[in-house]
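Below: the structure, in structure tokens.
Values in this text are rule-based calculations from the coordinates and carry no lab data. Here the structure is a predicted model, which is why all the values come from computation and not from measurement. Glycine gets a Cβ as well: all are built from the backbone with ideal geometry, and neighbour counts include every protein chain shown.
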Amino acid sequence: MKLLLKIWRQKNAEDKGGIVEYPVDNVSPDMSFLEMLDVLNQDLIEKGEEPVAFDHDCREGICGTCSLYINGRAHGPDTRITVCQLHMRSFNDGDTIYIEPWRAEAFPVIKDLVVDRSAFDRIQQAGGFISVNTSGNTQDANAIPIEKENADKAFDAATCIGCGACVATCKNSSAMLFVSAKVSQFALLPQGQVEAHDRVLNMVKQMDEEGFGNCTNTGACEVECPKGISLENIARMNREFIAASIKG
Amino acid sequence: MAGMFNSSVGRKFAMALSAFFLMLFLVMHVSINFTSVFSADLFNEMSHFMGTNPVVQGLMQPILIFGVVFHFVMGFILEAKNKSARGVSYAKNVAKDNSTWMSRNMLLSGVVILAFLGLHFYDFWVHEMTIKYVEGDMSGLINPDNAESGFRYYEELREKFVSPVRVGIYIVAFVLLALHLLHGFNSAFQSVGANNKYTKALTGFSKVYSIGIPALFIFIALFHHFTH
Ligand code: HEM
Ligand code: SF4
Ligand code: FES
């Protein structure tokens, strides 16, 4: 396959950056998208040019690191996958492909296609945990009966890999899908009840302080989320937040 | 509690409450307007009641005005915040693949509705306020010195729908209201945290409401336009 790549290049956080065109040849449809970029980088290195910086780690859809906005969609054209699970057979010979970093004020670009997602870490640290006494007399979690429906929903929420595609795709750069998944995962389980009240208040507060936008329920996040996290979680977070605020 | 409305979720909650209020108001408004299609007398009676009742005028009307102003001011604030949450935009973005046009253009549909509300205020409200509170004529009669002349409301309504331009503007505004509601109705439920086993049924009802109510308003306008 012959392709024209239009890639966002930016030297560092301060640099203005811009789109640079790279014609590539001999791309196999069986390559993964990241392998295609590896090949491009190999060429650039051989030519003595600066390779394109992009994030990746597990390359099997579980770490959430790979974060590219490809041809106008978070994680590219297919749904329910991360970039590392995207293959070149999803494109056609002769295609022009735009490759951009996640765009949000709360996710500043570090270099090229790499953004700083530590805002998510700070939201997690604000309340995305439970405190368990580990003195030796801790109750075995498996001994606590949990309704099947709630266990399933908590598990679904827990599959969020923190990739940030929801923020990247949302027209408001809202992080509500991510935060609501993290809130729901605990809100649905008895272990999460102790800190439920403070958790939702603190996590929403941190989310706002990081500069993410307000959800307008367009539902784009749910469509683009590689793990199919449901909008129901946002409604649950809203309920929890409103109830916790009224209680004070 | 006080801090609630300084948060993203709290503001959305307030936005949804004002929207629920407006949606209830629309039901009442269209019901009264609809009486004009089959009974000039009933329409006159109801208009006179709404226009002179102290509870309606002194309490409900100010709440309504506050509700409308709150809704669009909050709408502008939220949109401005959301715009600034993305400093650099994408060179290529295909939003239509993951969201509806209506959901992405609430501000646009809202601004058209707002422009229409401006005209509507000028047409009916300023007119009513002038007659009732400036000129001091609370009679509601065509000729205040002649009790036999009958109420003026129905005649005034018919008069407004003679001009095809006005009717055209009216239709455009209500089509945009329908688009606003096609996203807004369900969105408001989601904002207050109601997303559960009833959501599917509600989605059906929301379509009926969102298309039905504006369609009724349009029908009333066309009815008077063509029967004048
Ligand atoms: C009778 C008139 C109106 C009705 C019934 C109405 C109804 C609604 C509803 C149901 C929502 C969804 C609320 C939510 O998602 O929580 C909404 C949102 C919105 N409305 Fe209106 N609206 C009206 C007039 C206006 C006007 C005049 C504007 C002026 C700009 C406006 C601007 C907006 C905006 C920007 C949103 C999106 C805000 C957000 O989702 O965060 N609306 N409206
Ligand atoms: S909710 Fe989905 S899109 Fe958002 S961070 Fe989690 S996995 Fe990624
Ligand atoms: S590299 Fe880990 S999810 Fe893609």
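Could you tell me whether B:Asn82 is within 16 Å of ligand 2 (Cβ to nearest atom) and closer than 28 Å to A:Thr79 by Cα? So B:Asn82 does not fit the description; no.
Mind telling me which of the residues A:Arg103, A:Arg80 ends up being within 14 Å of chain B (Cβ to nearest Cβ), in contact (Cβ under 8 Å) with a residue 40 or more places away in the chain, away from ligand 1 (no atom under 16 Å from the Cβ) and under 16 Å from A:Phe178 (Cβ atoms)?
Answer to the selection: A:Arg103.
Across region B:10-18, a minimum of one residue is classified as more than 14 Å from chain A (Cβ to nearest Cβ), within 13 Å of ligand 1 (Cβ to nearest atom) and either over 30 Å from A:Leu201 (Cα atoms) or part of a helix (DSSP H, G or I) (or both). Helices (runs of 4 or more DSSP H) fully within region A:109-204 that include at least 1 residues being within 14 Å of chain B (Cβ to nearest Cβ) and within 16 Å of ligand 3 (Cβ to nearest atom): A:165-169, A:176-187.
One residue stands out among those in region B:133-162 that are more than 25 Å from B:Leu42 (Cβ to Cβ) and of a type outside the set (Asp, Glu): the one that is surrounded by the most Cβ atoms within 10 Å (Cβ to Cβ), which is B:Tyr133.
The test for being within 14 Å of chain A (Cβ to nearest Cβ) and assigned to a helix (DSSP H, G or I) does not hold for B:Gly87. Filtered by the rule that a residue be over 30 Å from A:Ala53 (Cβ atoms) and touching a helix residue (DSSP H, G or I) at 6+ places or on another chain (Cβ under 9 Å), region A:113-144 gives A:Gly127, A:Phe129, A:Ile130, A:Val132, A:Ala141, A:Ile144.
Among the candidates A:Asp78, A:Asp57, the residue that is charged (D, E, K, R) and within 26 Å of A:Glu210 (Cα to Cα) is uniquely A:Asp57.
Scanning region B:46-75 for residues that are over 17 Å from the mean Cα position of the chain (by Cα) and touching a residue at least 24 places away in the same chain (Cβ under 8 Å) returns B:Ser47, B:His48, B:Gly51, B:Thr52. Candidates in region A:224-241 are the residues that are under 26 Å from A:Ser67 (Cβ atoms) and of a type in the set (Gly, Ala, Ser); of these, the one that is farthest from the other protein chains (Cβ to nearest Cβ) is A:Gly228.
Being more than 17 Å from the chain's Cα centre (by Cα), surrounded by fewer than 15 Cβ atoms within 10 Å (Cβ to Cβ) and more than 24 Å from A:Trp102 (Cβ to Cβ) is true for just one of A:Glu147, A:Glu195. Which residue is that?
Values: A:Glu195 fails: surrounded by fewer than 15 Cβ atoms within 10 Å (Cβ to Cβ).
Of the residues listed, the single one that is more than 17 Å from the chain's Cα centre (by Cα), surrounded by fewer than 15 Cβ atoms within 10 Å (Cβ to Cβ) and more than 24 Å from A:Trp102 (Cβ to Cβ) is A:Glu147.
Against the list (1) farther than 19 Å from B:Met4 by Cβ; (2) free of Cβ contacts under 8 Å to residues at least 60 places away in the same chain, the condition A:Ser230 fails is (2).
Residues of region B:167-192 that are free of Cβ contacts under 8 Å to residues at least 24 places away in the same chain and away from every other protein chain (no Cβ under 14 Å): B:Gly168 alone. Evaluating A:Ala74 against the criteria (1) touching a Gly at 6+ places or on another chain (Cβ under 8 Å); (2) within 12 Å of ligand 2 (Cβ to nearest atom); (3) hydrophobic (A, V, I, L, M, F, W, C) leaves one unmet condition, (1). Identify, please: which residue in region B:26-64 is under 20 Å from B:Ile113 (Cβ atoms) and of a type in the set (S, T, N, Q) and is, among those, surrounded by the fewest Cβ atoms within 10 Å (Cβ to Cβ)? Filtering first and then ranking leaves B:Ser31.
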